[in-house]
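To keep things clear, I will list the structure first and then write my remarks on it.
The values are calculated or read from the model by the stated rules, or taken from the named source; none is laboratory data. The structure presented is a predicted model; accordingly, all values stated were derived computationally and were not measured. Protein only, heavy atoms only, side chains kept; ligands, DNA and RNA dropped before computing areas. Shrake-Rupley method; radii C 1.70, N 1.55, O 1.52, S 1.80 Å.
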Amino acid sequence: ERARTVDLTKLGDGKYLSQEGGFPKTGNIEIRNAVMRYSPKSDPFVYNFNLEVKHGEKIAIVGGCRSGFSNILAMLIRVFEIDRMPNSYITIDGINTRDVGLQVLRKPFVIVPQEAYLITGPIRHNIDPWNEHTDEEIWEVLELVGLKEYVENLKNQLKTHVSKGSSTFSMGQR
């Protein structure tokens, strides 16, 4: 597997903007002394958390319901910011995630939720939110998952508007 090259341009506000080739380069992740709170005045719900994942490693985070493993993802994509303490940081390929714009930071992560949901917008946007693929590739994917014929029979096909409560797709189809 070929790693993508990284070319980041530092903007005036100190954030990085991804250029052609993308971010991250290899995906090495380091979390050091992370402390996380729901609000600045609340008690920490993650305290002094450390994790290092090297390129190519596969890890499993196991625990019962509400044991906190989703908080690790929340830290990585900055849903919650970690406390700004000395020696407390999260880096991906050596770049502090605080210095990366949210869209650039979150784009490489694939999240598979326990409950299926739809993004409000066209079907095409639900499949390819960054508009990186051709319609032909989208139709190929729909064929692979057994939904091509179903979507072809919708009045607006890939342009069909869906939302969270939409009845366009059954729970199994989502």
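Quick notes on this one:
- Surface calculation, 1.4 Å probe, protein heavy atoms: Asp93 sits at approximately 40 Å² accessible.
- From largest to smallest, the equivalent ellipsoid semi-axes obtained for segment 122-168 from the alpha-carbon gyration tensor read 16, 14, 9 Å.
- Cut-off under 5 Å, modelled amide H: who pairs with Phe23 long-range: none
- Integer Hz, Karplus 6.51/-1.76/1.60 couplings in order for segment 142-150, x for Gly and Pro: 4, 5, 4, 9, x, 10, 4, 4, 4
- Taking the convex hull of Cα positions in segment 25-99, its mean projected area over all directions (nm²): 5.4
- With only the Cα atoms considered, segment 80-165 has a convex hull volume of 145 Å³ per residue.
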